[in-house]
Each structure stands twice: as C-alpha cells, then as structure tokens.
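J.: There's a structure below that I have some questions on.
The values are calculated or read from the model by the stated rules, or taken from the named source; none is laboratory data. Treat the numbers as computed from the prediction; the structure is a model and nothing was measured. For neighbour counting, all protein chains shown are included, and Cβ atoms are generated from backbone atoms with ideal geometry for every residue, glycine included.
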Amino acid sequence: MRGTRSATRSRSAVWVCKGADLLRDVRPTLDEEERVSEATDAIIAQVREMLPDLARDAAAVEINGAVDARVVERLGEIGFFRMLRPQRYGGFEADPVSFFRAVRLLSRSCPATGWIASVLGGHEWHLSLFDDRALAEVWGADPHALLASSYTPDGQLTPTDGGYRLSGRWRTSTGIHHASWAVLGALLLDGNGEPVDFVGALVPAADYRIEERWDPTGLRAVAADGVVVENAFVPSYRTFGARERMLQEDPAWAANVAPLHRMPYSVIHTHAVAVPVIGAAEGAYDALLADHPAAATVPSVARAATDLHVAWRQLTGHLERLLERAERNEPPDTESAIRARRDQSLAAERAVRAIGTFLDAAGPEAWERRHPLQRAWRDAQVAATNAANSVDQTLSIFGRWAYGLDVGDRWW
C-alpha cells in the first residue's frame with residue numbers, strides 16, 4: 001500500500017515542480033472573487049426565471065425529440081455556457097459548484113435541457129486544457145461557439161506532417177446539433193498501426209457529418225446523434241491525450257493559471273453527467289408531492305429524498321476540497337479524486353433508485369405518458385448508462401486503491 005501511494009505522490013511532485021513558476025500565486029484577488037460571484041449569482045437568478053417555461057414545455061420537448069434551439073441560445077445569452085470558460089476568452093472562471101447548481105436547477109424542470117446544458121457547459125472547461133492555439137481558433141473566431149463530444153475511442157489518429165489524420169464513426173454525441181466543434185475520442189496509432197495513446201481530437205463542424213440515429217426510451221430530446229469523420233486533418237495542438245489528462249504535461253498551464261483549470265479531468269467531466277440525474281430525481285419528488293402531498297411522510301419516500309440531499313452534499317464537498325487544493329497550488333491527490341469519482345457514480349445510482357421509490361408511492365397514474373414522474377424515470381435510466389456513471393467501475397477502482405493495489409491512471 002505504501003509503495004503505491006508513494007508513487008502517486010511522486011507524480012504529484014513532478015506536477016508541482018513543472019508548474020511552480022507559472023502557478024506561484026493563483027488565488028484570485030478579492031475584487032475578482034466579488035466580480036465572479038456577482039456574475040454567477042446573476043446567471044443562476046436568470047436560470048431560475050427560465051424554469052417555469054422549461055417545466056411547462058418538457059413533455060412537448062420530448063415529443064419533438066429536441067431541446068428548442070432558442071433555449072440553448074438563451075442559456076448562451078445569460079452567460080451560462082461561459083461559467084467555466086477562461087476569463088481571457090470572455091468567461092467567468094466560476095467555481096464548479098455554482099455551475100453544477102445551475103445544472104441541477106435546469107434538470108429539475110427538464111432533465112434533457114439540464115443534460116445538454118451540463119455537457120455543453122462542461123466542454124468549455126475541457127477546451128481550456130488544450131493548447132492555447134486551439135482556444136483562439138474556437139473562441140477567437142466565434143465567442144459564442146459551443147462544443148459537442150463523444151469520448152468513446154471510436155476513431156483512429158494516424159501521424160502526418162504537422163498533426164494527424166482522423167477517421168471514425170461515433171454512435172452518440174450530446175449537443176451535436178447545437179455545436180460548431182466536437183471533441184472526439186480516438187486511439188493514436190504509431191507507425192506500425194499500434195495504439196499508443198487515447199486522445200481527444202478537436203474538429204470543426206466542416207470536418208464531420210451527423211448521422212441521425214438517436215432513438216432511446218429516455219432523454220429523447222437530447223438528440224445525441226452520431227458523428228462521422230473521414231480522413232480529416234487535425235493539427236497536433238488540437239489534440240489532448242492521456243498524459244495531459246494526468247495533469248503532468250498540461251499544455252494550457254502557460255495561459256490558464258486559475259485554480260479551476262487544474263481540477264481533475266475525471267471529476268469535472270463525470271459530474272457533468274451525474275448532476276442532471278440528481279436534478280431529474282428532485283423534479284420527480286416535486287411531481288410526487290404536487291399530486292400527493294402526504295407522500296412526504298412515507299418513510300421510503302423520506303429516505304429517498306434524504307439520499308438525494310446527501311448525494312448532493314457529497315458531490316459539492318468533494319468539489320470544494322479539490323478546488324481548495326488547487327487554490328493552494330497543490331495537485332489533486334489520489335484519495336480525493338477517487339472518492340469524488342466513487343460518490344459521483346453512487347449519486348447517480350441513488351437518484352435513479354429514488355425516482356423508482358417516488359413512482360411506487362404515486363400509484364398507477366404516474367405511469368401515464370403525460371406524467372412527469374415516468375418521464376423522469378426514463379430519462380434517469382438512460383442517463384445512468386453513461387460510462388461515467390458506472391458504479392461497478394468506480395467501486396472497483398476505489399476498492400483497489402483502498403487495498404493498496406495499483407489503480408494505474410484510470411482514476412484520472
């Protein structure tokens with residue numbers, strides 16, 4: 001056990017040494033904190049103003065199979081998508097808890113809207129980890145540009161002069177109809193055709209085509225259709241590989257020194273698909289009490305509601321602790337990141353289970369297609385299948401770590 005954790009601390013030491021000169025004092029000034037706090041409060045207040053309309057239209061949105069583009073545009077207008085973006089590109093560099101609080105509210109009224117908002121907004125943070133030339137290419141040309149993604153390694157990158165050639169077919173991509181860029185997972189091949197790294201490749205809409213294939217039982221309005229790329233050129237600065245995800249060679253250090261941008265990749269990315277499930281469950285609880293106020297006194301319902309509260313507190317607690325470490329110029333430690341991943345996946349599982357409890361308490365009428373409870377149940381079931389919400393995977397990693405076994409780089 002000691003040997004494994006010592007090795008982890010050694011990696012962290014490399015992180016500190018390489019970034020020490022750049023990150024000597026990364027904590028924001030009081031004026032900066034107040035400005036960001038005021039902007040964040042204003043964004044959340046405007047999100048709240050959108051909620052009644054989102055709840056009213058949720059059923060129609062599902063029938064139409066797409067979140068209204070005007071809703072996405074409105075989220076852009078109020079600054080939601082810029083919450084996690086670097087300030088020098090017009091962002092707020094808000095704390096992630098505030099961002100996910102807004103996601104939770106949106107998901108409570110319309111899970112599909114919350115899911116799209118969370119993923120698209122989370123990509124603003126992910127892009128900040130790329131080489132600055134990539135950021136300038138995206139936001140320098142269009143400050144309103146949004147990014148979709150598909151992180152499954154369904155593409156292949158082959159080296160060529162100045163970068164790579166990318167080809168692949170990805171089954172699903174959240175937000176692809178609202179985005180002008182996409183981050184696509186691919187295996188980087190060496191000269192012999194052998195995979196040497198798992199890479200995210202950033203490509204513009206002109207280099208991919210959309211395949212309409214999204215037809216699930218839940219989250220229908222997400223419209224996460226497929227993406228196809230055929231032999232597109234990707235400059236090397238528009239890729240982000242496993243070593244960068246480990247924060248040992250982050251190309252964005254030189255420009256993005258705010259603590260937010262040194263949060264663990266695994267934590268921000270995975271919370272973006274867990275928080276919408278919590279919001280959906282809270283919306284289901286609201287729907288239950290609207291029809292059956294006395295259900296709040298049923299022990300199983302009270303327990304499920306408590307589970308949601310605990311899950312949210314655990315998630316925010318981990319985010320706050322990891323951000324505090326970054327503000328102290330300390331690298332993310334293995335234990336905190338692994339515990340955050342464990343509790344994030346368990347939070348999604350608790351939320352799915354809670355919705356089932358609320359459905360049981362509501363009775364047969366809750367299964368009618370018009371009822372928000374059954375829609376929340378279907379949305380949560382589909383959301384839980386996202387690989388980032390896999391409880392078995394995160395518990396396995398946590399168990400290996402707790403027992404002193406090597407977890408490799410999977411926790412990043």
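J.: Report every pair of residues separated by at least 6 positions or lying on different chains whose Cβ atoms are under 7 Å apart, first residue within region 303-331 and within 15 Å of VAL257 (Cα to Cα) and surrounded by 14 or more Cβ atoms within 10 Å (Cβ to Cβ), second of a type in the set (Val, Ile, Thr) and at pLDDT below 95.
T.: GLU327/VAL26; ASN329/VAL26; PRO331/VAL16
J.: On to the next question. From the list ARG370, ARG342, ARG378, ARG400, pick out the single residue that is crowded, with 17+ Cβ neighbours inside 10 Å and touching a helix residue (DSSP H, G or I) at 6+ places or on another chain (Cβ under 8 Å).
T.: Going through ARG370, ARG342, ARG378, ARG400 in turn, just one is crowded, with 17+ Cβ neighbours inside 10 Å and touching a helix residue (DSSP H, G or I) at 6+ places or on another chain (Cβ under 8 Å): ARG342.
J.: Here's a follow-up. Looking at region 385-407, I want the residues that are in a loop (DSSP other than H, G, I, E, B) and have a partner that is β-branched (Val, Ile, Thr) with Cβ atoms under 6 Å, at least 6 apart or on another chain. Which pairs are those?
T.: Every condition considered, the pairs that remain are ASN386/VAL273; GLY404/THR4; ASP406/THR4; VAL407/ILE397.
J.: Please enumerate the residues belonging to region 102-142 that are of a type in the set (S, T, N, Q) and either part of a helix (DSSP H, G or I) or under 10 Å from the mean Cα position of the chain (by Cα) (or both).
T.: SER107, SER109, THR113, SER118
J.: If you don't mind, another one. Is it the case that ALA290 is without any contact (Cβ under 8 Å) to a residue 40 or more places away in the chain, closer than 29 Å to ARG375 by Cβ and in a helix (DSSP H, G or I)?
T.: Taking the combined requirement at face value, the residue satisfies it.
J.: Collect the residues in region 298-336 that are within 18 Å of LEU373 (Cβ to Cβ) and either under 20 Å from the mean Cα position of the chain (by Cα) or assigned to a helix (DSSP H, G or I) (or both), keeping them in residue-number order.
T.: The answer is SER300, VAL301, ALA302, ARG303, ALA304, ALA305, ASP307, LEU308.
J.: Looking only at residues in region 261-275 that are within 8 Å of the chain's Cα centre (by Cα) and closer than 8 Å to SER118 by Cβ, which one is surrounded by the most Cβ atoms within 10 Å (Cβ to Cβ)?
T.: My answer is ALA272.
J.: Right, another one. Mind listing whichever residues of region 146-160 are among the hydroxyl-bearing types (Ser, Thr, Tyr) and within 19 Å of the chain's Cα centre (by Cα)?
T.: Matches in region 146-160: SER149, SER150, TYR151, THR152.
J.: Among (1) modelled with pLDDT under 95; (2) assigned to a loop (DSSP other than H, G, I, E, B); (3) within 16 Å of the chain's Cα centre (by Cα), which single condition is ALA179 missing?
T.: With respect to (1) modelled with pLDDT under 95; (2) assigned to a loop (DSSP other than H, G, I, E, B); (3) within 16 Å of the chain's Cα centre (by Cα), ALA179 is out only on (1).
J.: Look through GLU93, GLU38, GLU32, GLU73 and report the one residue that is over 16 Å from HIS178 (Cβ atoms), modelled with pLDDT of 65 or more and part of a helix (DSSP H, G or I).
T.: GLU38
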